[in-house]
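Q: Let me give you the structure first, and then I'll get to my questions.
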């Protein structure tokens, strides 16, 4: 009589199949963990840049802080140049004293972030333009972050500033120095809001005009001097155009230009093909100087 023993365990094929399924599940789980980690880091970086923006606005609302930081390298400006070069800084502090907390330093991460994350690439005072008032200029203070230190690229932290200069006794505006400054965003009560479909408007005084775009729209601002204080028979010409998408692939936020008393202005929105799509901006503000 032939007896057969009961077989127990798994065959080689069954084992290989089980290992394959477990490997696929492990790979999918690890990929999910990596994606979740990237999204968490991206959110941390976004909040870090928002915090930087808010800190810049708070710190530079103090005129003494603004003046101390812009003058830390004792720069002289050639304001007679048709293209005023930007001023570069190695670091910015949150106050006027040398012992003030660090706001940002080129080559270092933003305060509170580990090395290699949100690394500051450059700090510049750029887009310097005359305001229309004698010796008063507007500019953008830009803190650029190295794209390789971020999960996703974001636009530079930007703060609009207004500053006055003292011309050199000999060279005049060819070698001017900054004598006072402050955030153009400070004291929003000084800004007058205009209807976003207001048509041609007349500047009541020298001031700054700020236009916020409609999402991913571009901005065109047209200006012309009024005819005896009236804009009725005036055709404003293109003064400034900001494209619908910047180098980071995001829609622009705003454009600001100085205007003179008695100057007429009007606003247009454009699409990515620079075609006019209407005059409805998100907001329009004017601040007298």
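The values are calculated or read from the model by the stated rules, or taken from the named source; none is laboratory data. Bear in mind the structure is a predicted one, so any value in this text is a computation, not a measurement. Heads up, the Cβs are rebuilt from the backbone with ideal geometry, glycines too, and the neighbour counts pull from every protein chain shown.
Q: Any residue at all in the range 125-133 that's surrounded by 16 or more Cβ atoms within 10 Å (Cβ to Cβ), in a loop (DSSP other than H, G, I, E, B) and either modelled with pLDDT of 80 or more or not assigned by TED's automatic domain parsing to the domain that holds residue 39 (or both)?
A: no
Q: Here's something else I'd like to know. Take the residues in the range 113-124 that are in contact with a helix residue (DSSP H, G or I) (Cβ under 7 Å, 6 or more places away or on another chain) and outside any strand (DSSP E or B); name whichever of them is nearest to residue 241 (Cα to Cα). Break it down stepwise before answering.
A: Of all residues in the range 113-124, those in contact with a helix residue (DSSP H, G or I) (Cβ under 7 Å, 6 or more places away or on another chain) come to 113, 116-119.
Imposing the further condition that a residue be outside any strand (DSSP E or B) reduces the set to 113, 116-118.
Details: 113: 36, 116: 36, 117: 34, 118: 30 Å.
Here the answer is 118.
Q: What are the residues in the range 58-80 that are more than 30 Å from residue 170 (Cβ to Cβ) and surrounded by fewer than 15 Cβ atoms within 10 Å (Cβ to Cβ), if any?
A: Kept after step one, since they are more than 30 Å from residue 170 (Cβ to Cβ), are these residues of the range 58-80: 58-62, 65.
Passing the criteria: only 58.
Q: Something else now. Do you know which residues across the range 151-166 are within 16 Å of the chain's Cα centre (by Cα) and part of a loop (DSSP other than H, G, I, E, B)?
A: Selection gives 152, 153, 154, 155, 156.
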